[in-house]
Amino acid sequence: MLNIQSIWEADRNIRDFAMVTPILHSEALFRDLGFRLMLKAENLQTTNSFKIRGASNCILNRAKASPGIKGVVTASSGNHGQAVAYVAWKLGLPSAIIMPETAPKAKVDAVSRWGARVEFCGTTSQQRLARSKQVALEEGYIEIPPYDHYDVIAGQGTIGKEILEQVPDVDIVLVPIGGGGLISGISTFIKNIKPQVQVIGVEPENSNSMWVSINKGEITQLERTASIADGLLTLRPGSLTFPLVKKYVDRIMLVSESEILDALRTCIQYFKAVPEPSGAVSIAAALKGNWGKDKKVVSVVSGGNFDMDKLPGFLGV
Ligand SMILES: *Cc1c(COP(=O)(O)O)cnc(C)c1O
């Protein structure tokens, strides 16, 4: 189960791993756009995404429940894989990260740096998940899922606590949605403490499985997804995250590919911070919303990892 208590506990749990990220302000943007946009800068977090919060909370809780665990494994190669590898390294635990055969070198390097064993397996996420289960079974490793686990969701929820402490008069919080773990944790915390704060999810137009599922009233699988926001390419919401989003999230906004890139550039221009495209969708939503002059909007910039070769393309140069 997930409740406010588990998020308080996660907040105490994760402090050797995750930092309290800053809230970034821009007076120039306020002057130019007429509303207070603030960024919760998880691009500056340890391993440069919020995933460290859920990964550390989950690994610590699982290790407490079964002392003497032999290692951890995940089928996720992006920011979650990096976070799992880092936490395992810090705890002196072996880790295995299952990646597609097509994984770019940058992703392999990002986890190898922490001593993780990289295993290449097939090209589909089903193949990787199956292999991850097999490793868990054969080697006694514990599987750490990227979003559909209450310990992971509680870890991500610590961002909600920090936002209410750092911006007590916040009106609107905008949050990227992939599988929905990040927004489930944040919205559970905020709606239980300050229900008048609006929590709004953001998805790319062509990777909108939560939006489709909420509108249909049931978990719905997309046939395909496509977006520059590669951390948000989830085909279906999680079975734990969907009900939480349904219960706590006010609405979901969709943003186009060009709006995401415009937001990334605006972020660099005004805040001197470099998000990855997945982290910029919440800025894109902030920039297209009609919030009213005195509203305080916080966009969660969820990460800052990308292959450096892509930067010129992002900047349009
Ligand atoms: C994982 C991730 C997301 C999506 O988080 P979910 O919990 O899957 O909704 C968003 N942005 C970045 C940078 C991520 O790594």
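The values are calculated or read from the model by the stated rules, or taken from the named source; none is laboratory data. Bear in mind that the values here come from a model prediction, so they are computed numbers and not experimental data. When we count neighbours, we look across all protein chains shown, and the Cβ atoms used for this are built from the backbone with ideal geometry, even at glycine. SASA here: full protein model, heavy atoms, side chains in, ligands and nucleic acids out. Shrake-Rupley method; radii C 1.70, N 1.55, O 1.52, S 1.80 Å.
Odds and ends about this structure:
- Leading residue by the ranking (most open to solvent (accessible area, probe 1.4 Å)) among those in segment 178-209 that are away from the ligand (no atom under 11 Å from the Cβ), β-branched (Val, Ile, Thr) and not in a loop (DSSP other than H, G, I, E, B): ILE193
- Search result, residues across segment 257-286 that are under 27 Å from SER213 (Cα atoms) and open to solvent by 20 Å² or more (accessible area, probe 1.4 Å): GLU257, SER258, GLU259, LEU261
- Of all the residues in segment 287-313, those that are open to solvent by less than 40 Å² (accessible area, probe 1.4 Å), touching a helix residue (DSSP H, G or I) at 6+ places or on another chain (Cβ under 8 Å) and more than 14 Å from the ligand (Cβ to nearest atom) number 2.
- Residues located in segment 220-245, provided they are of a type in the set (Val, Ile, Thr) and within 14 Å of the ligand (Cβ to nearest atom): THR225, ILE228, THR234, THR241, VAL245
- Here HIS149 fulfils each of the conditions (1) open to solvent by 10 Å² or more (accessible area, probe 1.4 Å); (2) farther than 18 Å from LEU44 by Cβ; (3) touching a residue at least 12 places away in the same chain (Cβ under 8 Å); (4) more than 15 Å from the chain's Cα centre (by Cα) apart from (4).
- Pairs, first charged (D, E, K, R) in segment 222-243, second open to solvent by 70 Å² or more (accessible area, probe 1.4 Å) and not in a helix (DSSP H, G or I), C-beta under 7 Å, six or more apart: ARG236/GLN221
- Identity of the residue in segment 152-169, over 15 Å from SER6 (Cβ atoms) and hydrophobic (A, V, I, L, M, F, W, C), that ends up farthest from the chain's Cα centre (by Cα): VAL167
- Listed conditions (1) touching a strand residue (DSSP E or B) at 6+ places or on another chain (Cβ under 7 Å); (2) away from the ligand (no atom under 16 Å from the Cβ); (3) not small (Gly, Ala, Ser) are all met by LYS107, apart from (2).
- Flag for GLY160 being away from the ligand (no atom under 11 Å from the Cβ), in contact (Cβ under 8 Å) with a residue 24 or more places away in the chain and in the same structural domain as LYS310 (by TED's automatic domain parsing): yes
- Helices (runs of 4 or more DSSP H) lying entirely in segment 28-117 (those with 1 or more residues that are acidic (Asp, Glu)): 105-112
- Qualifying residue in segment 110-129 (condition: under 26 Å from ILE283 (Cβ atoms), surrounded by 21 or more Cβ atoms within 10 Å (Cβ to Cβ) and in contact (Cβ under 8 Å) with a residue 40 or more places away in the chain): yes
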